[in-house]
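Have a look at the structure below, then the notes.
The values are calculated or read from the model by the stated rules, or taken from the named source; none is laboratory data. Since this is a predicted model, take the numbers as computed values, not measurements. Every residue, glycine as well, gets a Cβ built from its backbone with ideal geometry; the counts of neighbours run over all protein chains shown. Heads up: the accessible areas ignore ligands, DNA and RNA and are worked out on the full protein's heavy atoms, side chains in. Shrake-Rupley method; radii C 1.70, N 1.55, O 1.52, S 1.80 Å.
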Amino acid sequence: MKDKISIIGAGLVGSLLAVILKQKGFDVQIFEKRKDPRKSGAAGGRSINLALSHRGIRPLRVAGVYEKIEPYLIPMHGRMMHDQAGELTFQPYGKEGQFINSVSRAQLNELLIESAEEAGVEVFFDHKCGDINFDSNMLHFEHGKEMKSDLIIGTDGAFSAIRKKLQFTDRFNFSQHYIEHGYKELEIQPKENTFRLEPNYLHIWPRGNFMLIALPNADKTFTCTLFFPFEGNPSFSTLKTKADVEAFFEQYFKDALELIPDLSEQFFTNPTSSLVTTKCEPWHKNRSILLGDAAHAIVPFYGQGMNSGFEDVRLFVELAEELDWNWDKILPLYSSRRKKDADAISELALHNFIEMRDHVADPDFLRRKKLESQIQEKYPKEWIPLYSMVTFSDIPYSEALKLGKLQKKVMDEFLELKESEVNYDQVIQRFNALKKGD
Ligand SMILES: Cc1cc2nc3c(=O)[nH]c(=O)nc-3n(C[C@H](O)[C@H](O)[C@H](O)COP(=O)(O)OP(=O)(O)OC[C@H]3O[C@@H](n4cnc5c(N)ncnc54)[C@H](O)[C@@H]3O)c2cc1C
């Protein structure tokens, strides 16, 4: 008889994990506090669409659900930058043929829940987990139901109830950090059933301390997200009236303003949300463990929150197989091995905000990108740009972060030279020497 596994949260990570564990023969149940999103309409998620890339796609393939999801994806081949005069500049994300994908959060979540049910997982909606006993493996739900399991997995998101309970256990470390920026989503409607911007790009309006981005949706709308400080000037706190909002967009995002005729209505109707990073350790206690945002919520600027959560699922299951499903060995080892990668992507995500909003358009950044693409062209195996390591590879995030820092050091040195003086053999020799610790 295989173990009974209870998963808390039928979000993106919990639903995918349930599919795979059920396929491995376990008795899997998911408990979700919301109503069934397929019956109640909108999933009530935090963002309307998400960028799905390699680390997320690989576990979806492992679960055999990628084919179902692929038709809903919109490829984005690079960044399309909009400057203040409305001029556009394109920066590819990787090599030719490499792209990331825009996907609707609600659609992806529904497809994953459906796949879990098809695999034979029982999904209980309207089941808010309120308490957990880590010694008896007993879950308590708000309407009185109780459930005992052999393994409990908390995939209940950034404000995880399971994690809150871990905070009352011995020697548990927890930190959370809200950045000074929040975000607001706005929609660009199609015109005569066509996209109002080129659909196969992630559009960015970088403006120093803030930015607007837009990702395409299958219904030919774009979801724009304004990342903007809560306080200061300009900030959410200074945009008080319709006239304030329109004047602000007129000044900074004129070409976007033209595409959102009901801008101020949307601006004052749609919520302003916060962005938080959470860190904790250990992620497990006895026979309970956290995965996904419950273990490590990050800011969205590398498009890696969900992707890293899906990668958690793959790595957790791979380790479990390697250790013959011995939970007492798997849980502590998984927590300690994966933690450094979660910390690394957390740092990378915070740093990428500065790059996206502030650097993508500046001449030094563009020179650096040019130098990097030349090095990569000459040494494609030895030099993989940081963005590509994070987005298009399985290189552990901590390794990518380390290599990225060395690459920066090498580029800082060679950028001192004139372009014609750069010897790419020397660049790669220097990089290899730094990797060896010379
Ligand atoms: C603005 C924004 C943009 C983003 N863009 C991207 C992107 O482009 N690419 C990317 O990879 N990531 C992105 N992310 C991150 C991504 O949304 C998260 O990393 C991802 O949703 C985490 O999945 P999860 O399943 O761990 O948590 P969640 O998706 O939050 O799911 C948690 C589930 O648990 C349920 N739950 C909560 N508490 C309980 C309880 N007590 N009992 C029962 N159920 C409970 C919730 O209802 C929910 O269904 C973005 C995030 C934000 C905020």
Leading residue by the ranking (farthest from residue 75 (Cα to Cα)) among those in the range 364-401 that are β-branched (Val, Ile, Thr) and touching a residue at least 60 places away in the same chain (Cβ under 8 Å): 390
For the range 48-84, what are the residues that are over 18 Å from the mean Cα position of the chain (by Cα) and within 12 Å of the ligand (Cβ to nearest atom)? none
Just need a number here: residues in the range 262-290 that are over 18 Å from residue 157 (Cβ atoms) and among the aromatic types (Phe, Trp, Tyr). 2
Taking the range 21-34 as the search range and keeping residues that are in contact with a Gly (Cβ under 9 Å, 6 or more places away or on another chain) and either in a loop (DSSP other than H, G, I, E, B) or open to solvent by less than 20 Å² (accessible area, probe 1.4 Å) (or both), which one is farthest from residue 294 (Cα to Cα)? 28
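Name the residues in the range 184-194 that are part of a loop (DSSP other than H, G, I, E, B) and within 16 Å of residue 104 (Cα to Cα), would you?
189
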Tell me, please, whether a residue that is more than 10 Å from the ligand (Cβ to nearest atom), over 18 Å from the mean Cα position of the chain (by Cα) and under 22 Å from residue 4 (Cβ atoms) can be found in the range 99-116. yes
Counting only residues that are within 16 Å of the ligand (Cβ to nearest atom), surrounded by 19 or more Cβ atoms within 10 Å (Cβ to Cβ), not in a strand (DSSP E or B) and not aromatic (Phe, Trp, Tyr), how many does the range 245-294 have? 4
For the range 154-174, which residues satisfy the criterion of being at positive phi and loosely packed, with under 12 Cβ neighbours inside 10 Å? 171
Please state which one of 364, 328, 324, 358 is assigned to a loop (DSSP other than H, G, I, E, B), open to solvent by 20 Å² or more (accessible area, probe 1.4 Å) and among the acidic types (Asp, Glu). 324
